[in-house]
1. Can you list the strands (runs of 3 or more DSSP E) found entirely within the stretch 14-64 that contain at least 2 residues being within 19 Å of residue 237 (Cα to Cα) and in contact with a strand residue (DSSP E or B) (Cβ under 6 Å, 6 or more places away or on another chain)?
2. Within the stretch 255-272, does at least one residue satisfy the condition of being modelled with pLDDT under 70, closer than 30 Å to residue 109 by Cα and in contact with a strand residue (DSSP E or B) (Cβ under 8 Å, 6 or more places away or on another chain)?
3. State all residues of the stretch 52-64 that are buried (at least 20 other Cβ atoms within 10 Å of the Cβ) and over 10 Å from residue 85 (Cβ atoms); if no residue qualifies, say none.
4. For the stretch 106-122, does any single residue satisfy the condition of being within 24 Å of residue 27 (Cβ to Cβ) and assigned to a loop (DSSP other than H, G, I, E, B)?
5. Report every pair of residues separated by at least 6 positions or lying on different chains whose Cβ atoms are under 7 Å apart, first residue within the stretch 192-219 and within 22 Å of residue 144 (Cβ to Cβ), second assigned to a loop (DSSP other than H, G, I, E, B) and at pLDDT below 80.
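The values are calculated or read from the model by the stated rules, or taken from the named source; none is laboratory data. Since this is a predicted model, take the numbers as computed values, not measurements. Using ideal geometry, Cβ is built from the backbone for each residue, glycine included, and neighbour counts are taken over all protein chains shown.
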């Protein structure tokens, strides 16, 4: 890896070589590496936050791009905001380099993040509800202290970019045991060493890596857009270790590594590539 780290696994989605989706079954087959979420959040008292509902109809692939949508929401309506989220099917991801090429427009929050629970979370968020459409937020949670009603020092940083986030660009989160490193267009922009996530589940849920678009009228997202808002994704690349490989217990990887003479020779350390991923790479990934 270009940061000097080695990872045993890779998940690569280059949507340029994906077929368009036409129905739910087609979508599930196409997004084979991801769960398409259908959960609902009932909102709360915080600044009149209203419910939001993840729906599969807000996800589709067209012309080599994955789209995620927040449907237009009537102003003042208490009906759930219709939004979208996908989660990795892999639940054993522990540390890695996570990369996305995307763009988003105003009226929502577009998130790309590691999550176990509200105290084990690291986010890149595209804040699209402002006037400039050029602000990112990097956060390790917990970032808010309810006792003092203030941000926990060193946990959350805003980063203004020159290129509007309504244009395609690259975002990256490197998660290591000691810090989270945030990159924009291949340039390191922030290192956070406070509240670094350290936990991962070995169960199916909660999956540790998530991508979403949402708004709930709360203090964070602001009011949901009254017209449809989309996040467009060209590619997703996740390079990572698992709970097994991080402990040195990934027998398949260890055997492959030994066959090629150690990490850094041949395929060792560059991720085990599935047949499907190999086809995508050959087709222009």
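1. Per the criteria, 34-36, 59-62.
2. Checking the stretch 255-272: not a single residue is modelled with pLDDT under 70, closer than 30 Å to residue 109 by Cα and in contact with a strand residue (DSSP E or B) (Cβ under 8 Å, 6 or more places away or on another chain).
3. 60, 61
4. Yes, that holds for at least one residue.
5. 208/200; 215/107; 216/43
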